[in-house]
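Structure first, then comments.
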Amino acid sequence: MRSSTFIFKGQTSLYVFVAVLFLVGVIFGALMVNALSLEQRQDLEGYLGNFFMTVQHGGQVVETGTYWEIAILHLKWVGLIWILGLSVIGLPGILVLDFLKGVLIGFTVGYLVGQYSWKGLLFALVSVAPHNLFVIPVLLICSVSAITFSLYIIRNRVLMQRTPGGQRPFASYVLLTLAMAALLLGVASFETWVTPAMMRWVTPMLLPA
């Protein structure tokens, strides 16, 4: 109960701020699609064409994106946010990571929709959206808890505003991060074995006749 109180109580403004920052990143990433040169567009189109062919023929989708590779990729984001929260001076880096995550998703979805219209949107819904419905909230929760812990350290170590129970916020911070990491392990299993099957269902619509 104390753990959840430390993380969630009175943090509404932080959640709103981080969520808005992420959404700004999504919009920025989508707008970046318009800045691509013709050569860059052709390179991306060729890469996606080869990728769609691989998916369609049941190629190396799961083998090249194994469970642990996907899981470690997600865990790196959470781990980096956790470390930045501990370092205090890395607090701006947490916000940068949230913005970059939004940019990546916005660019991916924006390009698919811009290049393939409603078919690209459908592909994005089965390949990008499902696991990110869990990954994004996890990253937002981890970011807010990291910011909260950094502010706690600033108050107690820098401003010398001591509060009782100094070990509890750290324990809460660690436990929450471990819980979010465990959730991402489950998300990685879905992304590894379910998402490729969904992609194979939509891919024929994106291939030239």
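Assorted remarks:
- For residue 110: the one exception among (1) in contact (Cβ under 8 Å) with a residue 12 or more places away in the chain; (2) of a type outside the set (S, T, N, Q); (3) open to solvent by less than 70 Å² (accessible area, probe 1.4 Å); (4) within 18 Å of residue 78 (Cβ to Cβ): (4)
- Residue check, residue 99 open to solvent by 40 Å² or more (accessible area, probe 1.4 Å) and in contact with a Phe, Trp or Tyr (Cβ under 9 Å, 6 or more places away or on another chain): yes
- Residues located in the stretch 74-101, provided they are free of Cβ contacts under 8 Å to residues at least 24 places away in the same chain and under 20 Å from residue 192 (Cα atoms): 76
- Screening 134, 123 for residues that are open to solvent by 60 Å² or more (accessible area, probe 1.4 Å) and part of a helix (DSSP H, G or I) leaves exactly one candidate, 134.
- Of all residues in the stretch 150-170, those that are of a type in the set (Val, Ile, Thr) and surrounded by 14 or more Cβ atoms within 10 Å (Cβ to Cβ) have Cβ atoms under 8 Å from Cβ atoms of residues that are at pLDDT 80 or above and part of a loop (DSSP other than H, G, I, E, B), 6 or more apart or on another chain, in 153/88.
The values are calculated or read from the model by the stated rules, or taken from the named source; none is laboratory data. Source: prediction; values computed, not measured. Glycine also receives a Cβ, built like all others from the backbone with ideal geometry; neighbour counts cover every protein chain displayed. Accessible surface is based on the protein model in full, side chains and every heavy atom, while ligands, DNA and RNA are left aside. Shrake-Rupley method; radii C 1.70, N 1.55, O 1.52, S 1.80 Å.
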